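The values are calculated or read from the model by the stated rules, or taken from the named source; none is laboratory data. Just so we're clear, the structure is a prediction, and the values are computed from it rather than from any experiment. Glycine gets a Cβ as well: all are built from the backbone with ideal geometry, and neighbour counts include every protein chain shown. Side chains are part of the model used for accessible areas, which takes the heavy atoms of the whole protein and leaves out ligands, DNA and RNA. Shrake-Rupley method; radii C 1.70, N 1.55, O 1.52, S 1.80 Å.
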Amino acid sequence: MMLLVYNTLSRSKEEFRPLEGKKVHMFVCGQTVYDDAHLGHAKNYINFDVVARWLRCSGYDVKYIQNITDIDDKIIKRAQEEGTDPIELARRFETRFMEDMEAIGVRKGVDQYPRSHDYIAEMVFQIQLLLDKGYAYVIDDDVYYDVSKFQDYTKLSGMRLDELEKHRIEPREGKRNSYDFSLWKAAKESEPSWRIELTVDGKVRSLNGRPGWHIEDTAITHAIFGKQYDLHGGAIELIFPHHTNEIAQAEAAFGVKPFVKYWMHSGIMLIKGEKMSKSLKNFIRIRELLKRYDAEALRLLVISTHYRKDFGYTEEFIKKAAARMNYLYASLSIFYNMNETSDEAVPEEIGKMATDLDSGFAQAMDDDFNTPLALTRLSAAIDFLRTYAQANREIGKAAKDLAVESVINNAQVLGILGKDSYKHKLAPEAANLIRDRERLRKEGKFNEADAIREKLRLEHSISLEDSEYGTIWYSTLQS
Ligand SMILES: [Zn+2]
């Protein structure tokens, strides 16, 4: 089977072939740590977490890194507002960011979270190379990249140079072109700054300031991966100027093209038709949402849309995702709790279900990580098991293990069904209570039925859900 990846650089799906055998070097633009992460960030990091999981599952040896931007205008601004040190502020939000990433199941997939602070020397090295090769110039303590010197500047975005004029927002007397961007910014009063030395036209100059935004990523990836690597991900809005400028820096400095083989971009999270963002103040913090909904419900919500599409968030959608997640657990639980026999033969239909699921799931994921289709196939397999359990009294252990293993292995790629609450057996007493409640409901005695529901919840950690498929139960014990 062949993995197809949509490459923004060619605007087409391409066969995925890493630079070196099965080794994949993957970088995703990480967090600027000046506030808590919101659902827009969750979408982006879950999207790329699933990419890394599928690559690993397909036998690739993935090294996945994500930078932590801890030098930035927004960090400085917020630190000044709070009257704290920018570094102290950045560390505080970095810790909270890691907690959030852990909670949504993406933390462990990332091998390294390098901080921009630790790569200043590498940034200076790259800026010096760009100066030496004639791609950069200095005005006082500022260093700019001369965009007119780099032929391929618009290859990623497909924009025209005159369109860029409208976007540049760094006016400065002496700039060669309006769209030239900062490599190094002169220090402003009461801001953190570094004194660095650069050789300009044969003379050593001392500049006081801090790095531009785009140089951080190429410094980090050059230090860790070298001049060229396989996969760069980020949200679609980063194509221009951020990723465009990364290409200009790295390809000009090191002369290796393409600097990144596959550029992947994820769609954004919308709320009421607008981008969820800090600046619009329309964001929902991950940690706030997780007080009310399970993290797997959030993951299910994100993966039910293709990563390249935008997603319009509503409370209704997360509620539905939570209900669907419960239903998947409940269905699996019904199958898992079938009476087990020692029969070693696997019924043909169970064997077929496992083979079909494995191949159908892989086929969906190999087509540019089509998670909505993969999820549909996983759900269909679980539905089949539920129906099987309702039609058959018992099952051999071998068949049960095969079916459950197939479901769980595929679900792990999506990062759902990671709890083994479906393994909990329904105690006979609880089973009787559920039957009593059913009877009371039929008799119209809803208050008494509700009292039983409450008793099940408190004394047996059993939640009930009256679905279109009848009443289902699932254990709320976390394990
Ligand atoms: Zn970046």
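Applying a 10 Å radius around every beta-carbon, put 387-398, 411-422 in order of their mean neighbour count, most first.
Working: 387-398: 14.6, 411-422: 19.2.
Highest mean packing first, the order is 411-422, 387-398.
Please report the relative contact order for the range 101-157, taking Cα pairs under 8 Å with a sequence separation of at least 6, and give it as a percent rounded to a whole number.
16
Just give me a number: lysine pairs in the range 314-423, eight or more positions apart or cross-chain, with C-alpha atoms less than 17 Å apart.
Total qualifying Lys-Lys pairs in the range 314-423 comes to 4.
Taking the highest mean first, how do the peptides 30-43, 356-369 order by number of other beta carbon atoms within 10 angstrom per residue?
30-43, 356-369
With viscosity set to 0.890 mPa s at 25 °C, what whole-number translational diffusion coefficient in µm²/s follows for the chain from Stokes-Einstein and a Kirkwood radius over Cα pairs?
Roughly 97 µm²/s, to the nearest whole number.
Using the alpha-carbon centroid of each, what span in Å lies between the range 339-379 and the range 144-177?
Comparing the Cα centres of the range 339-379 and the range 144-177, I get a distance of 50 Å.
Which residues in the range 265-304 have a backbone N closer than 13 Å to a point placed 7 Å from the Cα of residue 315 along the Cα-to-Cβ line?
Inside the label zone: 289, 292-293.
Please calculate the 1.4 Å probe accessible area of residue 185, with all protein chains present, and give it to the nearest 10 Å².
Number for this one is 60 Å².
How high is the FRET efficiency between residue 95 and residue 56 when r is their beta carbon distance and R₀ equals 30 Å, given to the nearest 0.05? Before the final figure, lay out each step's value.
Details: r = 27 Å, r/R0 = 0.89.
Efficiency, rounded to the nearest 0.05: 0.65.
Quick check on the range 212-357: of the DSSP beta bridges with both residues there, what percent are antiparallel, nearest 5%?
20
Hey, got the Cα dimensions of the range 270-398 along the principal axes, in Å, largest first?
Each principal axis gives a Cα extent; for the range 270-398 these are 62, 33, 19 Å.
Relative contact order for the range 314-423: what is it in percent, counting Cα pairs under 8 Å that are at least 6 residues apart?
Relative contact order of the range 314-423: 43 percent.
With the calculation restricted to Cα positions, what are the radius of gyration and Dmax of the range 31-151 in angstrom?
Using the Cα atoms of the range 31-151, the pair Rg, Dmax is 18.0, 52 Å.
For the range 43-81, list residues with backbone N below 20 Å from a point placed 7 Å from the Cα of residue 23 toward its Cβ?
52-53, 55-66
Measure of size requested: the Rg and Dmax of the range 171-327, with Cα atoms as the atom set and Å as the unit; please supply both.
Reported Rg and Dmax, both Å: 21.1, 70.
Any chance you could run the full-extension gain for residue 15 through residue 392? It's 0.36 nm times the residue separation minus the Cα-Cα distance, nm to one decimal.
Length difference between fully extended and current span is 131.3 nm.
Which residue, 473, 249, 239, has the largest displacement toward the positive end of the dipole of the chain when charges sit on each Cβ (Lys, Arg +1; Asp, Glu -1)?
473
Using the beta-carbon distance between residue 197 and residue 107 and R0 = 60 Å, what value does 1/(1 + (r/R0)^6) give for FRET efficiency, to the nearest 0.05? Walk me through the numbers before you get to the answer.
Details: r = 38 Å, r/R0 = 0.64.
The computed FRET efficiency comes out at 0.95.
Report the FRET efficiency, 1/(1 + (r/R0)^6), for residue 165 and residue 133, where r is their Cβ-Cβ distance and R0 is 25 Å, rounded to 0.05.
Computed FRET efficiency for residue 165 and residue 133 comes out at 0.50.
Please work out the average accessible area per residue across the range 314-423, using the 1.4 Å probe convention, and give it in Å². Could you put the intermediate results ahead of the total?
Values: 4800 Å² over 110 residues.
On a per-residue basis, the range 314-423 sits at 44 Å².
What do you get for Rg/Rh over the range 4-275 if you use C-alpha atoms and the Kirkwood form of Rh? Walk me through the numbers on the way to the answer.
Numbers: Rg = 18.6 Å, Rh = 19.5 Å.
Computed over Cα atoms, the ratio is 0.95.
Rolling a 1.4 angstrom probe over the protein chains, ignoring ligands and nucleic acids, what is the accessible area of residue 438 in square angstrom, nearest 10?
60
If contacts are Cα pairs under 8 angstrom and at least 6 residues apart, what is the relative contact order of the range 194-276 in percent?
Dividing the mean separation by the residue count of the range 194-276 yields 27 percent.
Rounded to two decimals, what ratio of Rg to Rh does the range 208-262 give with C-alpha atoms and a Kirkwood Rh? Walk me through the numbers on the way to the answer.
Values: Rg = 11.0 Å, Rh = 11.5 Å.
Rounded to two decimals, Rg over Rh is 0.96.
Taking residue 257 as the anchor, which lysines have their alpha carbon closer than 20 Å to its alpha carbon, excluding any fewer than eight residues away along the same chain?
Hits, sequence-local ones excluded: 13, 23, 133, 149, 155, 227.
Treating the beta-carbon of each Lys and Arg as +1 and of each Asp and Glu as -1, no other charges, what is the dipole magnitude of the chain about its Cα centre, to the nearest 20 debye?
440
Taking the alpha-carbon distance from residue 442 and a cut-off under 21 Å, which lysines remain once sequence neighbours fewer than 8 residues away in the same chain are dropped?
455
Quick check: Cα centre of the range 106-120 to Cα centre of the range 1-38, how many Å?
16
Distance from the Cα centre of the range 412-448 to that of the range 206-233, in angstrom?
53
Testing the spin-label approximation: label points 7 Å from Cα along Cα→Cβ at residue 277 and residue 471. State their distance in nm.
5.0
Return the distance in nm (one decimal) between the two label points of a simple spin-label model at residue 448 and residue 84, each offset 7 Å from Cα along Cα→Cβ.
5.7
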